[in-house]
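Contents: one structure, followed by commentary.
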Amino acid sequence: MSGSRAKPLTALALLLATILAVVLLCSREPESPGERLKIDDASMAVADSGAWPIDGLSKVPPEEPDDYLGLLFNGLPTDGCEEIEQVAPAKTSRWDRHANMVELSEQLSRSDDPDLLLASALLRPDPMDRWKLLDRVLDTNPGDPVALWQKLQYCDQMDCDRQAIEAAATAFDESNGMVWLEIAGDRIRAGQWHEAEAAMRRAVTAPRFDTYVINYAVLIERGLAATTERGYIERYIYGVGVAAAMAVPSFADITRACASDENNALTWIDLCDDLGEQITRVGRSQAVFYLGVGVRRTAAKRAGDTKQFDLLSHDANQRISDLMRTQANAGAQVLAMNDPAVMQDYVENYLAHGEFDAMEMLVDDARRLRNDPEYDQCNFVSRTDLGL
């Protein structure tokens, strides 16, 4: 991963599915498939909080009432559903995840289906085994963006032909600004400032920024559907838990460059601010959104603009706070955990439109179903006792 990971945030950052996934999968042992992309103590600390990292920002909504988390995660008070027994997370059904990861990966690796092979690679802890599985995926589908993104992430650790992988990634995933940021980070580490700046300028015009975390979860869910009898929500939670515990690029090389005078190019202040603004505008996840906020704050700090520095934090926190409050009032997160059809719609909307739009659509679904007298209203009451 480019640079070090930043300080974890609170669980309000993610959909309840992610938080419960981490709770259900918290026994995962650290794995080390490589220095740049690994599951380690730091990433598990992030996963344990149900959060994505960003330095210097607090996602706790300011001045929320004490029952805010309870409403968000335990669901809405519903007549006739008072007797629903809430099961403690430690007692919920789960299988030995770590022991079965390699076994599941082995089963999936015997398939010729590129998606199942890719799920096998994501579940494989050994970096060399994962690399070989990615090769098999790309032999079948040379333009698979998820496999190419994984290759780009692992490249430095696998003594690979980086030029060839970068060429493939930019050919098949040119519109993804994250690819250009990864290239820029490599050039910054090499001290190739002009090449780094050129890659960053390509990123500034990118129409999306995607780390494919939701794709990881979906691929693993499909793999579990092919190898287990588990229900959809449990399969998806498993996939989200694995995705959440995988290291997410922090692109600290980018933020360090934006903060440093080493490149002796003051125009980078504007470049970094433009980059951060584009990331926050078209990033497909909350994690990517906060990466953009962090880049903009770094540019503001370098420019000495303390007012802008503080305003960026406030506005970002307010956006998430408003979204979470809306979800709490609609009972949206608990509904998704109880109704597989609602969860599937959420996942499909995430894949098609990104996380923020998907969460808004989830709220719309929750409001519609809350007003439907034929719908089981007990789905708005959590079956899992989080003690909130």
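The values are calculated or read from the model by the stated rules, or taken from the named source; none is laboratory data. All of these numbers come straight from a predicted model, not from anything done at the bench. So basically every Cβ, Gly included, is an ideal-geometry build from the backbone, and we count neighbours across all protein chains shown.
A few comments on the model shown:
- Taken over the range 360-388, the criterion of being hydroxyl-bearing (Ser, Thr, Tyr) and modelled with pLDDT of 95 or more is satisfied by TYR375 alone.
- Out of ASP357, ASP372, ASP322, sole residue that is loosely packed, with under 15 Cβ neighbours inside 10 Å, within 22 Å of PHE289 (Cα to Cα), more than 19 Å from the chain's Cα centre (by Cα) and not basic (Lys, Arg): ASP322
- Any pair with Cβ under 6 angstrom, 6 or more apart, that starts in the range 295-318 at a residue that is within 10 Å of CYS258 (Cβ to Cβ) and ends at one that is at pLDDT 95 or above and of a type in the set (Asp, Glu): ARG296/ASP273; ALA299/ASP273
- ASN317 vs. criteria more than 18 Å from the chain's Cα centre (by Cα), in a helix (DSSP H, G or I) and not β-branched (Val, Ile, Thr): no
- Residue among ASP273, ASP357, ASP253, ASP345 that is in contact with a helix residue (DSSP H, G or I) (Cβ under 6 Å, 6 or more places away or on another chain) and either among the β-branched types (Val, Ile, Thr) or at pLDDT 95 or above (or both): ASP273
- Where ASN176 falls short, out of the listed (1) surrounded by 23 or more Cβ atoms within 10 Å (Cβ to Cβ); (2) under 22 Å from LEU275 (Cβ atoms); (3) out of contact with any strand residue (DSSP E or B) (no Cβ under 8 Å at 6 or more places or on another chain); (4) free of Cβ contacts under 8 Å to residues at least 40 places away in the same chain: (3)
- Residue match in the range 258-274 (condition: β-branched (Val, Ile, Thr) and within 30 Å of ALA190 (Cβ to Cβ)): yes
- Complete set of residues in the range 207-228 that are more than 21 Å from PRO340 (Cβ to Cβ) and surrounded by fewer than 19 Cβ atoms within 10 Å (Cβ to Cβ): PRO207, ARG208
- Residue that is nearest to TRP268 (Cα to Cα), among those in the range 185-199 that are surrounded by 16 or more Cβ atoms within 10 Å (Cβ to Cβ) and modelled with pLDDT under 95: GLU197
- The set of residues from the range 156-173 being part of a helix (DSSP H, G or I), touching a residue at least 60 places away in the same chain (Cβ under 8 Å) and either β-branched (Val, Ile, Thr) or touching a helix residue (DSSP H, G or I) at 6+ places or on another chain (Cβ under 7 Å) (or both) comprises just one member, GLN157.
- Residue match in the range 138-150 (condition: farther than 30 Å from THR384 by Cβ, polar (S, T, N, Q) and under 21 Å from the mean Cα position of the chain (by Cα)): yes
- Residue count for the range 219-236, restricted to those that are part of a helix (DSSP H, G or I) and either without any contact (Cβ under 8 Å) to a residue 12 or more places away in the chain or closer than 24 Å to GLN153 by Cβ (or both): 8
- Any hit, the range 274-291, residues being in contact with a Lys or Arg (Cβ under 8 Å, 6 or more places away or on another chain) and of a type in the set (Ser, Thr, Tyr): yes
- Residue ID - modelled with the highest pLDDT, chosen from residues in the range 74-91 that are in contact with a strand residue (DSSP E or B) (Cβ under 9 Å, 6 or more places away or on another chain) and in a helix (DSSP H, G or I): ASN74
- The lone exception for ALA244 - which of (1) over 10 Å from the mean Cα position of the chain (by Cα); (2) more than 27 Å from ASP274 (Cβ to Cβ); (3) part of a helix (DSSP H, G or I) it fails: (1)
- Hey, TYR216 in contact (Cβ under 8 Å) with a residue 40 or more places away in the chain and at positive phi or not: no
- Condition check for SER382: in contact with a strand residue (DSSP E or B) (Cβ under 9 Å, 6 or more places away or on another chain) and touching a residue at least 12 places away in the same chain (Cβ under 8 Å): yes
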